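The values are calculated or read from the model by the stated rules, or taken from the named source; none is laboratory data. Since this is a predicted model, take the numbers as computed values, not measurements. Methodologically, a virtual Cβ is constructed for each residue, glycine included, from the backbone with ideal geometry; neighbour enumeration extends over all protein chains shown.
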Amino acid sequence: MSREVMEYDVVIVGGGPSGLSTAIKLKQLNPDINVCLLEKASEIGAHILSGNVFETRALDELIPNWKELNAPIKTKVTKEKFLFLGKQKSLSWPTWLLPKVQQNHNNYIISLANLCRWLAEQAEGLGVEIFPGFPASEVLYNDDGSVKGIATQDMGIDKEGNKKDTYEPGMELHAKVTVFAEGCRGHLGKELIKRFELDKGKNPQQYGIGFKEIWEIDEKNHSEGLVMHTAGWPLDNNTYGGSFIYHAENKQVFLGYVIGLDYQNPHLSPFDEFQRFKTHPDIKKIIEGGKRISYGARALIEGGIQSLPQMFMPGALLVGCDAGTLNMPKIKGSHTAMKSGMIAAETIYEHLTKNLNLSTYEQKFKESWVYKELHEARNVKPSFSWGLILGILFTGIDQILFRGKLPFTLKHKHADHEAIKPADKMPKIDYPKPDNVITFDKTSSVYLTGTIHDDNQPVHLKLKDPDLPIKYTLEKFDEPAQRYCPAGVYEIQDVNSVQKFVINAQNCIHCKTCDIKEPSQNITWVTPEGGGGPKYGNM
Amino acid sequence: MSVLLIAEHNNKEVRPFTYNAITAASQINEDLHVLVLGHKADDVAKSLSEVPNVKKVIHVDNEIYENYIAENYTSAIIKHAENYTHIVSSANTFGKNLMPRIAALLDTSQVSDIIKVISEDTFLRPIYAGNAFATVKSNDKKKCVTIRPTSFDPADKSGGSAEIVKSDPAEASSLTKFLKKEEVKSDRPELGTARIVISGGRGMQNGENFKLISDIADKLNAAIGASRAAVDAGYITNDHQVGQTGKVVVPDLYIAVGISGAIQHLAGMKESKIIVAINKDGEAPIFSVADYGLEADLFEALPQFLSELNKLNTIQK
Amino acid sequence: MKILVAVKRVIDYNVQIRVKEDGSGVVTDNVKMSTNPPDDNAIEEAVKIKEAGKAKEIVAITIGEEKAQETVRKALAVGADRGIHVKVDNVIEPLAVSKILKKIVEKENPDLVFMGKQAIDDDCNQTGQMLAALLNWPQATFASKIEVKNNALEVTREIDEGLETIQVNVPAIVTCDLRLNEPRYASLPNIMKAKKKPIEQISASDLGVDINPRIEQIKVEEPPKRKAGIKVASVEELVQKLKNEAKVI
């Protein structure tokens, strides 16, 4: 098989905040470094989904005049609320009693997708070559085992794997350094972590699934700049999660829900928990009379520094959530992702000009404010494995009294897929039916994502053992894929009284939850044909 | 103020959409004239003169009008245009091909595919494949308008007696030559244009069971559709697929059998005038768009449906 | 032969459009845009004709705001040789578009002009026919097959009754149906090469064409919601409803 080859100094996989910051910083350090950035979405921003309350610290360093350059960062946080929800009632928590990391008064409510579009314009202005619609599907290695670059996906392969008339072979991009910035659970990042044993001696990584809807609401319920979070109902004490409600510009509200993927009950449906959450009187009154205009979901990384893998390997670096730099108690990962990319860029610059080893990345990272932040935050998420109440008590002591400086580090004990318990040992959950006003079903939700994959291409959700879902997972766990997938990709169907596991791959919104939560790790998410997946607007 | 409507016909019969266009045209102004350009199309002119809404028929008979050559039609229409404030036709492939050529020569910005006449200069038309409706007002002196036929009822066909005026042909164009027309001769209408579509989904369980659907399709002169799931399962070939990635259909009647209503499918049929869903799962999303939902086992319901249809004698072929 | 292909930038066909609350149009900010789908077929056909040795040059043209250039760039990546971008700031009507195209045709002297049969945003289906009229060229609309003959094209057209085949003299305008061909992918190497191909920028005002709107858009609204349907108890009831209430059988 012969593929065309292009040589670059640096190839970056992924056009999110970390990848784009790497690219921009590299060009700032030396405009002659040639940088190529690939993005699997049809355009930059189309696969970006985030809350997002944005801390500008990293951007202030990267592009200090972002205001002059009209960055889409406009809505300053003006007011904050935190509610503990009971089934009908709620308890408002005074914000002065919130840990400092959860206070947001210098931050902005933004659309991260729009910020990425703007960052891409800045990067292109500096000479970065950006190619949306081209997933990197394969890592290429040199004979000495170091990373040589990546190859893009072949286009025009049919369901059975044959070449169609429109077949276009992928292309090899070789680089002196390849930067992986795929975001949470990047499928190449996953391969590299395994191959180079980057997670050796680290705690298992922790993930969550985040949902987001954008609502256009009644003016009288809207308060631009208001940031609200909730914990509690509808989740039980043993399930980690909570909501965000951000009042953005144009009468929009960004409404979302995050649930830790270490949940135990296979009957739990994160999507339905989110839908149910909206029926709480205190939430419903905000969106009532409004209109849902967007929906999406994405896995996020929650492990913190205990789970952070080694971020360098021969010929390549991991940045942002491909490694896992999100600050969970802060509920923010954009600024840390950006900063990790900027540090990566400095490392690469010194590697290319002074021949310094890429391992200096880790050192620089440890000396940076990101590491300090993540270190202070390290004990919050694991403490919630004791349940919501104890978790909150501990977090209060850890974050308010000791500011994250307690002299010990709690551990993540299990990977998320190991947390799930047999279906017959856990209670079934009876979710209310959608009313199509406040709550919706999966299909009408997926429709809003604009997701599309050409029907006639190989299924991009690979089963290691195709019989396992029916023979084992269905029996033991009632096949939780039916529920954890936020896009209705997985179904169990009765065909002539024979049960069949159906994968509606064209519905996939690239959240990666299946790759994380499948109890036997039987599902592997790989890149579909370029340009496939959701077409998010201002998510 | 008078309206000139361009008739579509096959030199023997008026093509049905012309009657729908007549209804819309007479809503713009009652002084409606119809132009018949054809070859030996006297029967067409006569039929149109009997339409009560039509005040005058202008008949131009020449062999250059035997087929629709937009270039030839245009020069003849331009000759008559000065007497009219509105030139209209149906917005099917006939009118879509023809009208912009006329409009450009009259230096008029055409209003395409209207679904409602609000006033003589203001119309409602769908944009973005019907996902939005635009109200537009034409400020041109002379207006060129095409009419979405399915949005207007056909005009009455008899009772009128308009005068038929013969007129001379215009110059023929040598730019375009008609070679042939292949009418799609299928026992069943084409999926994209059928008045009735009956579709099967994964609930059909196998390809043989589609016979239950084709029996009804034969009876109703309907086209056969399918959901992506049924196509993927190999029950039926993919040219039957209705949906976002298949065909988008807008029939008068859409019958969804054993289709749960995945969003891709709904996108392909939700604009149908009347939607019927037959499904044993009462919670299936298809019921949310159905005008008439029947919660039943399709293997019982379909044979019953056929026998009920057989009792009717009014089904149009 | 030289082929001019007109392409338009529209909201991507997979994006659910949203009507603005003030009724002034649909939301286009931060919405994924793409080339109008049948315009891709137009480009593909031109490239095929060139690959068959029957055309020498393909020029892709778009009319629109700054970012409309992306569609020309894409055309260049799949085989067009050079591009033209006529810059206009507002949405203009097909009549104005065809007047601009006429000016470009007079300058470029192509033998053929290809474009999609209809844009999926305004759904007008006018530009090709109007341009043909203004140039007094023949038109072959809704083409699903094109054969290049000696100084003429044989074009099969998709019409309501089936298929019609006509012969048009060159120069001619062809508007393309989705069934004409399957557009190829733009490969990464070709996209890289396309970045170096020239795009000439022309301002519409320099062409001396009246592009002022003739049609006032009074309001844009969402289509009325489907009325909630009913459940029928039996097949008999269903047939009765279809016959007597809906009157569709």
(request) Output the number of the condition that B:A301 fails; it satisfies all remaining conditions of (1) of a type outside the set (S, T, Y); (2) crowded, with 20+ Cβ neighbours inside 10 Å; (3) under 22 Å from B:R188 (Cα atoms). (result) (3)
(request) Quickly run through the stretch A:103-114 and pick out the residues that are more than 11 Å from every other protein chain (Cβ to nearest Cβ) and buried (at least 20 other Cβ atoms within 10 Å of the Cβ). (result) A:N104, A:N107, A:Y108, A:I109, A:I110, A:L112
(request) Output yes when any residue across the stretch A:467-489 is among the hydroxyl-bearing types (S, T, Y) and at pLDDT below 95, and no when none is. (result) no
(message) I'd like to check something: does the stretch A:345-360 contain any residue that is under 19 Å from the mean Cα position of the chain (by Cα) and of a type outside the set (K, R)?
(response) no
(request) Give the number of residues within the stretch A:352-388 that are in contact with a Pro (Cβ under 9 Å, 6 or more places away or on another chain) and among the aromatic types (F, W, Y). (result) 0
(request) Within the stretch A:206-229, track down each residue that is assigned to a strand (DSSP E or B) and within 20 Å of the chain's Cα centre (by Cα). (result) A:Y207, A:G208, A:I209, A:G210, A:F211, A:K212, A:E213, A:I214, A:H229
(message) Taking the conditions exactly as written (surrounded by fewer than 24 Cβ atoms within 10 Å (Cβ to Cβ), assigned to a strand (DSSP E or B) and more than 26 Å from the chain's Cα centre (by Cα)), does A:G156 satisfy them or not?
(response) yes
(request) Would you confirm whether any residue within the stretch C:80-91 is surrounded by 19 or more Cβ atoms within 10 Å (Cβ to Cβ), over 17 Å from the mean Cα position of the chain (by Cα) and assigned to a strand (DSSP E or B)? (result) no
(message) Condition (residue is at pLDDT 95 or above, assigned by TED's automatic domain parsing to the domain that holds B:Q205, surrounded by 23 or more Cβ atoms within 10 Å (Cβ to Cβ) and under 21 Å from B:F210 (Cβ atoms)) applied to the stretch B:261-269: is it met by at least one residue?
(response) no
(request) Give the residues of the stretch B:185-226 that are within 12 Å of another protein chain (Cβ to nearest Cβ), among the charged types (D, E, K, R) and without any contact (Cβ under 8 Å) to a residue 40 or more places away in the chain, sorted by residue number. (result) B:K185, B:E190, B:E208
(message) I'd like to check which helices (runs of 4 or more DSSP H) are fully inside the stretch B:19-110 and have at least 3 residues that are under 24 Å from the mean Cα position of the chain (by Cα) and closer than 20 Å to B:K181 by Cβ.
(response) B:70-81, B:93-105
(request) For the stretch C:22-40, state whether one or more residues are charged (D, E, K, R) and at pLDDT 95 or above. (result) yes
(request) Scan the helices (runs of 4 or more DSSP H) fully inside the stretch A:365-468 and keep the ones with 2 or more residues being within 20 Å of the chain's Cα centre (by Cα) and surrounded by 15 or more Cβ atoms within 10 Å (Cβ to Cβ). (result) A:369-377, A:380-383, A:442-449
(request) Kindly indicate the residue of the stretch C:108-152 that is assigned to a strand (DSSP E or B) and aromatic (F, W, Y) and also nearest to the other protein chains (Cβ to nearest Cβ) among those meeting that condition. (result) C:F142
(request) Scan the stretch C:44-83 residue by residue and report those that are within 18 Å of A:S42 (Cβ to Cβ), within 14 Å of chain A (Cβ to nearest Cβ) and among the aliphatic types (A, V, I, L, M). (result) C:A77, C:V78
(request) Please specify each residue of the stretch B:243-283 satisfying the condition of being assigned to a helix (DSSP H, G or I) and either in contact with a helix residue (DSSP H, G or I) (Cβ under 8 Å, 6 or more places away or on another chain) or at the interface with another protein chain (Cβ under 7 Å from one of its Cβ atoms) (or both). (result) B:I263, B:Q264, B:H265, B:L266, B:A267
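Quick grid of which residues meet (1) in contact with a Ser or Thr (Cβ under 7 Å, 6 or more places away or on another chain); (2) in contact (Cβ under 8 Å) with a residue 40 or more places away in the chain:
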position: A:I492; (1), (2): no, no
position: A:F501; (1), (2): no, no
position: A:A505; (1), (2): no, yes
position: A:C511; (1), (2): no, yes
position: A:I516; (1), (2): no, yes
position: A:Q521; (1), (2): no, yes
position: A:E529; (1), (2): no, yes
position: A:P534; (1), (2): yes, yes
position: A:N538; (1), (2): yes, yes
(message) Condition first: surrounded by fewer than 21 Cβ atoms within 10 Å (Cβ to Cβ), free of Cβ contacts under 8 Å to residues at least 60 places away in the same chain and part of a strand (DSSP E or B). Now tell me which residues in the stretch A:159-183 satisfy that.
(response) A:K163, A:D165, A:T166, A:Y167
(message) Between B:S167, B:S173, which is within 23 Å of B:H39 (Cβ to Cβ), away from chain C (no Cβ under 14 Å) and of a type in the set (S, T, N, Q)?
(response) B:S167
(request) Quickly run through the stretch B:97-121 and pick out the residues that are surrounded by fewer than 22 Cβ atoms within 10 Å (Cβ to Cβ) and facing another protein chain (nearest Cβ under 7 Å). (result) B:L105
(request) Kindly indicate whether A:A58 is within 22 Å of A:L352 (Cβ to Cβ), of a type in the set (A, V, I, L, M, F, W, C) and not in a loop (DSSP other than H, G, I, E, B). (result) no
(message) For the stretch C:153-249, give me every one of the strands (runs of 3 or more DSSP E) that falls completely inside it and has 1 or more residues that are β-branched (V, I, T) and within 7 Å of chain B (Cβ to nearest Cβ).
(response) C:162-169, C:215-221, C:230-232
